[in-house]
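The values are calculated or read from the model by the stated rules, or taken from the named source; none is laboratory data. Keep in mind that what you see is a predicted model, and the values were worked out from it rather than measured. FYI the Cβ positions are ideal-geometry reconstructions off the backbone, even for glycines, and counts take in every protein chain you see.
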Amino acid sequence: MNDLHGIIFAYRSDSHLSELTRHRNTCSLPFGGRYRLIDFMLSGFVNAGIRDVGVIVHESYQSLLDHLASGKDWDLSRKHGGLRILPPFSYAERRGSGGYRGSMEALSGVFSYLQNIRQDYVILAWGDMAVNFPVEEMFQQHLDSGADITMVCTSTDADTTCPENMVTLDSSGRIADLSIHPSMTTGHLKSAEVYLLSKQLLLDMVDYCSAHNLYGFVSGVLQPRIHSLKIMPYLHKGYTARFRSVSEYFQRSMQLLSLDVRTDLFNQARPIRTKDMSTPSTYYGSESKAVNSLISDGCFIDGEVENCILSRGVVVEAGARVADSILMQGTIVRRNVSMSYVVADKNVQINSSRMLMGHSSYPLAIAKNSIV
Amino acid sequence: MKKEAVAMLLAGGQGSRLYALTSHVAKPAVPFGGKFRIIDFPLSNCVNSGINTVGVLTQYQPLELNSYIGSGQPWDLDRSDGGVSILPPYVKEGDAGTWYKGTANAIFQNIGFVDLYDPDYVVILSGDHIYKMDYTEMISLHKKTQAACTISVLEVTMEEAARFGIMNVDGQDRIYEFEEKPPVPKSNLASMGIYVFTWKKLRQYLIEDEADPTSTNDFGKNIIPAMLKNDETLMAYRFHGYWKDVGTINSLWDANMDMLAPHMTIDVYDPNWPIYARTPTKPPHFTGPNAVLSHSLVTGGCQVYGKVTNSVLFHSVCVEEGAEVDYSILMPGTVVKAGAKISYSIVAESAVIGQEAVVGSPPSDAEDWGIAVIAGGVAVGKQATVMPNAMVRDDVKEGEQV
């Protein structure tokens with residue numbers, strides 16, 4: 001797999017995730033207890049043997065830098081190649097401040113990096129998606145099919161996110177149409193916005209878009225050239241989660257309590273790697289209760305936990321009762337608190353005897369470092 | 001580059017009193033406390049004390065230990081200057097060279113390694129103790145008293161003293177006599193097997209000791225007595241805190257149980273003195289709809305559907321529905337099938353305990369009661385029984401009793 005280069009787009013800060021992304025990029029949103037969203041795509045690349053990965057960032061990437069550091073937890077801290085964080089270095093002089101308007105603009109912002117890629121093929125993906133698919137299988141399919149572009153498609157059953165880019169195939173299985181945000185869901189395939197293509201084609205496209213003031217990949221490249229380029233789908237049937245709201249984040253997270261979803265997302269043959277903190281084991285006190293929950297290392301549980309996802313270092317004191325909630329790193333739930341349907345961000349502290357109640361369709365999100 | 005202090009970690013011992021647990025791994029690589037291996041404690045102590053050059057002397061079954069240490073990255077010991085080095089015995093010119101004959105001989109054979117860093121002091125550590133200790137305090141006592149050797153000691157009860165190497169000291173804590181397991185102890189200061197030496201002195205003593213054909217080349221038996229005889233300054237450094245030798249099945253089980261009182265014995269959660277470990281990335285552990293967990297440690301990748309009380313679960317352990325685990329230590333990857341019962345046992349890596357099997361039992365008056373031990377990879381059949389105090393190295397057939 002030495003002929004494939006990975007590019008991860010990590011500049012999106014989703015405003016619909018309100019409290020949860022106020023201080024961070026969506027890619028560094030905690031997910032599944034101990035992970036950040038970017039871990040999934042990055043680990044997928046590394047598990048496929050990809051040696052060089054560029055991560056394109058623009059704004060609020062502090063927490064992402066903390067998390068990725070040199071890339072050593074993904075074995076990407078290398079003398080030659082490895083992980084490269086790509087802020088907009090050839091971009092500022094062109095358009096001043098403000099975020100990228102589209103992925104083509106982002107790629108042209110790091111054009112000189114793209115030119116120096118030493119592999120012949122490039123895979124482009126977003127870092128804010130929880131998914132675990134065999135990238136090497138997709139690469140092989142791309143080579144075998146002779147496609148110009150291969151894109152990951154998911155079925156609408158497995159990927160329940162609101163329709164984004166819907167895909168229509170022709171009789172030969174080639175992609176015949178792509179529609180952005182259709183008001184009606186047509187067909188059953190949608191794009192996961194993961195693309196594999198040759199470095200040469202990518203450079204040509206970025207150059208063309210830059211010269212014609214086009215900045216979206218789908219609108220600028222794929223739609224206009226859908227008939228001239230052979231674009232093939234790579235079908236991924238497993239769990240795929242993207243979020244456009246707090247309730248969607250909550251619901252997709254809770255699916256991890258199902259063994260089938262965990263077996264798929266945490267496939268032992270393709271482990272998801274993350275920043276190693278050498279956190280000791282979780283301690284359960286004598287009066288504790290924890291059922292149907294996913295619990296990370298370093299927690300102290302003396303109270304009751306049911307249907308929850310707990311990140312590292314969460315404390316649930318005696319007498320507290322936490323149900324149907326997601327507690328991120330370092331959350332402290334004091335004595336006799338009762339809470340349900342809450343998403344608490346990092347280092348939230350809930351003082352004793354408080355009662356917090358959200359609803360499955362509208363979970364209560366509490367911002368980082370808040371004290372209730 | 002010159003270093004003020006270099007640590008030499010003696011990790012070559014077989015640890016024969018851990019029996020089946022060390023048949024394929026050196027004692028320092030034995031898993032401990034849910035997330036760690038024994039060697040993580042001295043290695044983390046070194047790094048937290050600012051000692052970034054560590055030689056690990058290996059001899060017995062070193063493969064797993066070598067791969068565990070690797071580049072030293074989990075302990076921040078992957079350095080371009082210093083870092084961790086694995087030091088096995090080696091062949092010398094003219095087919096010379098031997099195994100490490102004793103603790104002192106192991107250092108003697110690596111004089112060349114220590115000399116690379118031209119250190120003022122050498123810290124000698126062993127790989128079978130669980131404790132947190134700031135070696136810089138010990139080194140500063142050593143410097144202040146201009147000692148040739150400083151030995152870390154623990155105050156034990158007079159009854160216990162007969163089981164240890166005991167240091168007899170004067171009013172300034174200068175050691176005037178060393179007694180190995182004295183029947184009538186004169187002091188209660190037990191040696192912890194942690195030494196700081198002035199390298200120039202130690203180097204000389206090691207060479208002289210090697211030249212003596214009658215010597216057993218051991219620090220406690222030869223080097224320390226020789227230094228005392230020559231009237232060198234030997235100081236006792238009093239250590240206060242948790243320290244446990246985990247060289248036997250009972251002490252290993254005890255020390256793991258101590259981890260269940262995290263703020264009373266040894267606190268591995270203290271961010272100011274982290275204990276680092278190399279662990280595979282595992283997803284968070286999952287507790288099933290009928291899981292019961294109490295007074296226990298559980299680690300990433302575990303799946304608990306049954307009942308776990310007063311126990312330590314390492315990563316990727318599976319306890320199926322209806323299974324019960326009490327006062328036991330389950331090392332990485334152990335599977336406890338439905339309805340099995342385990343109590344007062346140590347189950348090593350990837351062992352499988354079959355459905356409705358019974359392993360170990362709570363303490364009884366029986367003379368031969370003890371902790372049951374299942375070696376790594378062993379399969380205990382359905383409805384089989386493993387008696388307390390058993391040491392199981394081979395598969396146990398369905399319904400069989402051992």
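Pick from B:V347, B:V352, B:V317: which is under 17 Å from B:V292 (Cα atoms) and either of a type outside the set (K, R) or touching a residue at least 24 places away in the same chain (Cβ under 8 Å) (or both)?
Going through B:V347, B:V352, B:V317 in turn, the sole match is B:V317.
Out of (1) modelled with pLDDT of 90 or more; (2) assigned to a strand (DSSP E or B), the odd one out for A:V167 is which?
Against the list (1) modelled with pLDDT of 90 or more; (2) assigned to a strand (DSSP E or B), A:V167 comes up short only on (1).
Mind checking which strands (runs of 3 or more DSSP E) fall wholly inside the range B:322-383 and carry at least 3 residues that are in contact with a Gly (Cβ under 6 Å, 6 or more places away or on another chain) and more than 20 Å from B:S251 (Cβ to Cβ)?
Correct list: empty, since no element meets the threshold.
Could you tell me whether the range B:312-322 includes any residue that is facing chain A (nearest Cβ under 10 Å) and among the hydroxyl-bearing types (S, T, Y)?
Yes, there is a match, as at least one residue in the range B:312-322 is facing chain A (nearest Cβ under 10 Å) and among the hydroxyl-bearing types (S, T, Y).
Let's see how each residue does on (1) part of a loop (DSSP other than H, G, I, E, B); (2) out of contact with any helix residue (DSSP H, G or I) (no Cβ under 7 Å at 6 or more places or on another chain); (3) more than 8 Å from chain A (Cβ to nearest Cβ); (4) of a type in the set (F, W, Y):
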position	(1), (2), (3), (4)
B:P262	yes, yes, no, no
B:I266	yes, no, yes, no
B:Y269	yes, yes, no, yes
B:W273	yes, no, yes, yes
B:Y276	yes, no, no, yes
B:T281	yes, yes, no, no
B:L293	no, yes, no, no
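What pairs come out if I take residues in the range B:218-247 that are at positive phi and pair them with residues that are modelled with pLDDT of 95 or more and among the hydroxyl-bearing types (S, T, Y) whose C-beta lies under 8 Å away, six or more apart or interchain?
B:G241/B:Y131
Any residue in the range A:292-302 that is outside any helix (DSSP H, G or I), more than 7 Å from chain B (Cβ to nearest Cβ), crowded, with 17+ Cβ neighbours inside 10 Å and aromatic (F, W, Y)?
There is at least one residue in the range A:292-302 that is outside any helix (DSSP H, G or I), more than 7 Å from chain B (Cβ to nearest Cβ), crowded, with 17+ Cβ neighbours inside 10 Å and aromatic (F, W, Y).
Scan the range A:219-267 residue by residue and report those that are surrounded by fewer than 21 Cβ atoms within 10 Å (Cβ to Cβ), part of a loop (DSSP other than H, G, I, E, B) and among the charged types (D, E, K, R).
The answer is A:R225, A:K230, A:K237, A:R244.
Just to be sure I understand, how many residues within the range B:144-154 are touching a residue at least 60 places away in the same chain (Cβ under 8 Å) and either in a helix (DSSP H, G or I) or out of contact with any strand residue (DSSP E or B) (no Cβ under 6 Å at 6 or more places or on another chain) (or both)?
Residues that pass the stated criteria total 1.
Restricting to the range B:295-311, give me the number of residues that are among the basic types (K, R) and within 9 Å of chain A (Cβ to nearest Cβ).
0
Here are B:G381, B:G306, B:G377, B:G339: which of them is touching a residue at least 24 places away in the same chain (Cβ under 8 Å) and at positive phi?
None of the others qualify; the one that does is B:G377.
Might you check whether a residue that is more than 14 Å from chain A (Cβ to nearest Cβ), in contact (Cβ under 8 Å) with a residue 40 or more places away in the chain and in contact with a Cys (Cβ under 7 Å, 6 or more places away or on another chain) occurs anywhere in the range B:23-35?
Looking through the range B:23-35, none of the residues is more than 14 Å from chain A (Cβ to nearest Cβ), in contact (Cβ under 8 Å) with a residue 40 or more places away in the chain and in contact with a Cys (Cβ under 7 Å, 6 or more places away or on another chain).
Given the options B:G193, B:G127, name the one that is touching a residue at least 24 places away in the same chain (Cβ under 8 Å), small (G, A, S), touching a His at 6+ places or on another chain (Cβ under 8 Å) and surrounded by 13 or more Cβ atoms within 10 Å (Cβ to Cβ).
Criteria check complete, one pass: B:G193.
Among the strands (runs of 3 or more DSSP E) lying completely within the range A:309-369, list those that include at least 1 residues that are within 25 Å of A:L259 (Cβ to Cβ).
By residue number, A:321-323, A:338-340, A:342-344.
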